[in-house]
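One structure is given here, and the rest of the page talks about it.
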Amino acid sequence: MPRAKITALGCHVPAGVLTNHDLEQMVDTSDEWIIERTGIRERHIAPEGIATSDMAVEAAREALAQRGIEPASIDAIIVCTVTPDMFFPSTACLVQDRLGAKGAWGFDLVAACSGFVYGLTTGAHLVASGSHKRVLIIGADTMSRIINYKDRGTCVLFGDGAGAVLIEPAAEGEDAGFIGFLNEIDGSGGDYLKMPAGGSRLPATHDTVDQALHYVHQDGHQVFKYAVRKMHEACRELLERTGTKVQDVAVLIPHQANRRIITAAAERLGLPCDRVLINIDRFGNTTAATIPLATQDAITQGKLKKGDLVLFAAVGAGFTVGANLWRWAY
């Protein structure tokens, strides 16, 4: 059976930037407090009229151009998002049509901040099964659409963006590609990070709108504690499962939710700061887009090169937990 490898990467963020100083004019907060508590300095915000599918298409086009292939050669498209353009049709359908990927099937994958890692796991197995030759995994979220900019506990955290990777079979004998995964869910934490209304339990009414139930609601303390523990545990267990030593990992690329979560997990793993990619200061938490955006920076900064072992890890609402280990192919 073939081994799956990542062959291309494309990213897109909107041009508009919302800085901490901008937020100081909107809510009771300060640049110093936001940096100290989260590590974020600015985040990109999509302009009116731009939706998740728009950013997803731009990221996908960049990945396809990097690989030098036509959209019609794609077998499947998985869009990882919690901010679809609409409940249905899926954002994957919209992306497939806009790209002109005539032969592709696909679907949306909802795992919040772990979405892209879950997408990597799914895409790798589709390719490894031999049934797919080219799978496009896109992480895209327009979080600004579901953020209450009167809630200082959440509005400082999130931004908008998209990233896409192409997964294809490795050549016979090629030492590159997917090595292993660990994915978990723990639904007992579902109340700690959620968007309460808009679904079948609380459909939209005047009351749900008046109560701001269509925005992100978070118990930051509970989420922080869980994320610190589980990001470390997931990475540690995956390395043990695959017989990989921590010192052999070239770079950890974690979900970018909070700088303190990342540094705490890295310290517990025994990874020095120069082998951990952190770019939350420039993008904030873009949910499913954080890992591809960080991967692009890892390549640009020389932290991730052909032949390197890269560890991806995330914790998200649900709770969802995911980790992937790959040997980088290009």
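Data table
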| item | result |
| --- | --- |
| Scope the stretch 41-71; condition among the polar types (S, T, N, Q) and within 30 Å of HIS21 (Cβ to Cβ); matching residues | THR52 |
| Residue ID - surrounded by the most Cβ atoms within 10 Å (Cβ to Cβ), chosen from residues in the stretch 144-199 that are part of a loop (DSSP other than H, G, I, E, B) and of a type in the set (Val, Ile, Thr) | VAL156 |
| Flag if SER73 is touching a strand residue (DSSP E or B) at 6+ places or on another chain (Cβ under 9 Å) and either among the small types (Gly, Ala, Ser) or within 19 Å of ALA8 (Cβ to Cβ) (or both) | no |
| Any chance GLN256 is within 18 Å of GLY153 (Cα to Cα) and surrounded by 14 or more Cβ atoms within 10 Å (Cβ to Cβ) | yes |
| Residue within the stretch 105-116 that is under 24 Å from LYS5 (Cβ atoms) and at pLDDT below 95 present | no |
| Residue selected from the stretch 275-323 under the condition touching a residue at least 24 places away in the same chain (Cβ under 8 Å) and acidic (Asp, Glu), by the criterion surrounded by the most Cβ atoms within 10 Å (Cβ to Cβ) | ASP308 |
| Long-range neighbours under 8 Å by Cβ, at least six apart or interchain, first residue under 14 Å from ILE147 (Cβ atoms) within the stretch 190-207, second of a type in the set (Asp, Glu) | LEU193/ASP219 |
| Of residues in the stretch 208-222 being among the aliphatic types (A, V, I, L, M) and without any contact (Cβ under 8 Å) to a residue 60 or more places away in the chain, the one nearest to THR83 (Cα to Cα) | LEU213 |
| Wholly enclosed strands (runs of 3 or more DSSP E) of the stretch 1-101 bearing at least 1 residues modelled with pLDDT of 95 or more, out of contact with any Lys or Arg (no Cβ under 9 Å at 6 or more places or on another chain) and more than 19 Å from TYR149 (Cα to Cα) | 4-12, 76-80 |
| Criterion: at pLDDT below 95 and closer than 17 Å to LYS5 by Cα - qualifying residue of GLY173, GLY119 | GLY173 |
| Checklist (1) touching a Phe, Trp or Tyr at 6+ places or on another chain (Cβ under 6 Å); (2) assigned to a helix (DSSP H, G or I); (3) under 22 Å from ASN258 (Cβ atoms) applied to GLY115, failing item | (1) |
| Residue satisfying condition, being touching a residue at least 60 places away in the same chain (Cβ under 8 Å) and either in the same structural domain as THR142 (by TED's automatic domain parsing) or touching a Pro at 6+ places or on another chain (Cβ under 8 Å) (or both), within set THR91, THR121 | THR121 |
| Residue check, ARG43 over 22 Å from ILE6 (Cβ atoms), surrounded by 23 or more Cβ atoms within 10 Å (Cβ to Cβ), charged (D, E, K, R) and outside the structural domain of LYS230 (by TED's automatic domain parsing) | yes |
| Test: residue in the stretch 200-208 that is closer than 22 Å to ARG259 by Cα, charged (D, E, K, R) and not in a helix (DSSP H, G or I) | no |
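The values are calculated or read from the model by the stated rules, or taken from the named source; none is laboratory data. Source: prediction; values computed, not measured. Here the Cβ is made from the backbone with ideal geometry for all residues, glycine too, and neighbour counts use every protein chain on show.
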